[in-house]
Amino acid sequence: MTVPAHVELESGQAASTAETLAPAVEVHDLVRTFGPKAALAGVDLVVRPGQVHALLGRNGAGKTTLLRTLVGLVDATSGMVRLQGVAAPTLPRASRARLIQLVPSGDRTFYLRLSGRENLLFFARLQGMGKAAAREQVARCIESVGLTEAARRAVSTYSHGMQKRLSVARALLTEPAVLLVDEATHDLDPAAAEQVRSLIRSVTGRGAAVIWATQRLDEIRGFADEVTLLRQGRVRFHGTVEQLQHAAVSRRLIMRLQARSIPSLPVDQALSAAGDVVELDLMDDHQILTFDLHPDVVLSAAVMALHVVGWDVLACRRERSELESAFLELTEEAG
Amino acid sequence: MTAVAIAVRQVVSDLPKVGAFIRRDLLITLSYRLALVADWINLLVQMVTFYYVGKIVDGATMPVYGGARASYVEFVSIGIALTTFMAVALTTVVQALRTEQLAGTLEVLLTTPTSVAVIQLGSAVYQAVYIPLRTAVFLGFVALIFGARFDPAGVPLTLLIVALFVPVVWGLGLVSAASTMTFRRGGGLVGLGTIALTVTSGAYFPVDVMPGWLTPLLAYNPIGLTLEGVRRSLLGDGMTGGEVFSLIALLVPMAAVTLALGGLAFRQALRREIRRGTLGVY
């Protein structure tokens, strides 16, 4: 399937709002090589204030390298990064730290013997805050992530979800204009993951731009305003979640069939014009059919073809979600 | 404004952050109470060992300070105190770096607007306060329990000599840290050099017993020079102004060289890691 490398936003509220705001992050033709391997090979990205921009890709696609380059932990080989319109390399460290913060992917990014509060106080002081201001800001940030009661406990006693929320709180200490979140929910249970996502939503609510690197497709629907999908360091897709869903339509279907008396044709012959039978299994009193629908055939035609020869379709579902299909097709390794 | 001036201004403006490092390290140390107690017990056991070794050492081989021959316990306790002090100073930055890497906090630290020099200083400052206190208490115990005689009048000169010695060790520590950052466990090579310097310094036995051909080298061993100065201050009748000046004339250039080398090596190692994107890898 051919998909344009960059799908422009068409219309809609998110698009029109975004267009009116100057970009918080602009990345143009960013290249980062490690020896002969290009971790980033000409990446373009624009994220506007108040947006959640999902960065999708398989392991090794370049997501983390991109985030680390934005925050200054990795040098770019070439290309341009602008933060609020200013070339990132020319920004003094203090200004850059105020502008952009990272929520790293790992769990172990705190001093485990210290309490959550003490950890945040330490980092607040390193961000240049005075003692009183640091105490005040730490209390505020801890409260905003719902950790006030646990604030004086050692971080070693925190759950994964609590550590992740503490990590978000640390990133919010400077009230950054851009928040980079790297695989924040990959090891969290659904409830904890939802807590983190709603935290991030509240951050965009006050105008911050968020770049959210993830492999979890289920979480970007209804959460991300835009998506950039990376494969082998290149942008494979850029657009909205809806556009990503339409980028690949899953045509593999799984049906549960039941014969009405004796069918006049077997399943494969009944469907020969509608698609290809991949697998047919007998289960109790019905058949489980895995079937690839031909691109020019609609589902109702296949159902009708079965019905007229004596097969009832009891249930039908796609083998994969549209997002999952798009992800797999767009990130499929070449060759 | 030159790059150096900007860097200096950044370091100066970051200095108030050092207090946060002290608080962090104090709280972490207090959270490991058993390790703290074990450290003191270890020191005491070491001293008891040397006390009994001293029983079999011929007192006549001990050097004379201020007209009186030192006992082995007096002699070696100063060696232990100074080499322990040196070992800690030498490994503080390396250990801090490793700890931050293992804790996963190194990259987070480096995303804060804090100069690398202040991160180094902050990582070491707690030890810099704790170790002299520990050394003083240790020597006090040795005097009390084993009857060693240290002259309190020699303390100011001792402090001056140790103050001259610290930058030398600090520079070597930075080289070691750079080596660790680059080769992960590369501190071993620097450690080997340090052991060679320690063995030939006269920390545990008088240098007179070593082969004569080593004598010219021993005269430029910074640990040996410092030890001799401290022993003369605490066990003898001190040093003349000329002797102090000579010591300063030797230690200051050594400090300048090791600090410059260490600073450069560390900066280069850090740049390399950021260039390669392997800062958090351990």
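Here are some notes:
- Failed item, numbered, when A:Thr33 is tested on (1) within 14 Å of another protein chain (Cβ to nearest Cβ); (2) part of a loop (DSSP other than H, G, I, E, B); (3) open to solvent by 10 Å² or more (accessible area, probe 1.4 Å); (4) of a type outside the set (Phe, Trp, Tyr): (2)
- Residues (among the β-branched types (Val, Ile, Thr) and more than 7 Å from chain B (Cβ to nearest Cβ)) located in segment A:90-111: A:Thr90, A:Ile100, A:Val103
- Of the residues B:Arg271, B:Arg267, the single one that is part of a helix (DSSP H, G or I), on the phi < 0 side of the Ramachandran plot, open to solvent by 30 Å² or more (accessible area, probe 1.4 Å) and within 14 Å of chain A (Cβ to nearest Cβ) is B:Arg271.
- Scanning segment B:101-112 for residues that are more than 19 Å from B:Gln268 (Cα to Cα) and either away from chain A (no Cβ under 13 Å) or touching a residue at least 12 places away in the same chain (Cβ under 8 Å) (or both) turns up B:Leu102, B:Gly104.
- The single condition among (1) farther than 16 Å from A:Leu102 by Cα; (2) small (Gly, Ala, Ser); (3) at pLDDT below 90 that A:Gly50 does not meet is (3).
- B:Phe141 away from chain A (no Cβ under 14 Å), surrounded by fewer than 18 Cβ atoms within 10 Å (Cβ to Cβ) and touching a Phe, Trp or Tyr at 6+ places or on another chain (Cβ under 6 Å): no
- Some residue of segment A:120-129 being assigned to a helix (DSSP H, G or I), over 18 Å from A:Ile200 (Cα atoms) and more than 10 Å from chain B (Cβ to nearest Cβ): yes
- Residues in segment A:63-90 that are open to solvent by 30 Å² or more (accessible area, probe 1.4 Å), touching a Gly at 6+ places or on another chain (Cβ under 9 Å) and not in a strand (DSSP E or B): A:Arg68, A:Asp75, A:Pro89.
Results for (1) under 30 Å from A:Val27 (Cβ atoms); (2) loosely packed, with under 15 Cβ neighbours inside 10 Å; (3) among the basic types (Lys, Arg), shown as yes or no for each residue.
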site: A:Leu230; (1), (2), (3): yes, no, no
site: A:Gly233; (1), (2), (3): yes, no, no
site: A:Phe237; (1), (2), (3): yes, no, no
site: A:Leu253; (1), (2), (3): no, no, no
site: A:Ser264; (1), (2), (3): no, yes, no
site: A:Ala274; (1), (2), (3): no, no, no
site: A:Leu280; (1), (2), (3): no, no, no
site: A:Leu289; (1), (2), (3): no, no, no
site: A:Asp296; (1), (2), (3): no, yes, no
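- Candidates A:Gln195, A:Gln258 - the one that is more than 14 Å from every other protein chain (Cβ to nearest Cβ), out of contact with any Ser or Thr (no Cβ under 7 Å at 6 or more places or on another chain) and not in a helix (DSSP H, G or I): A:Gln258
The values are calculated or read from the model by the stated rules, or taken from the named source; none is laboratory data. As the structure is a computational prediction, the values presented were derived from the model and not from experiment. Counting neighbours? That spans all protein chains shown, and the Cβs are built from the backbone with ideal geometry, glycine included. When the accessible area is computed, the model is the full protein with side chains, heavy atoms only, and any ligands, DNA or RNA have been set aside. Shrake-Rupley method; radii C 1.70, N 1.55, O 1.52, S 1.80 Å.
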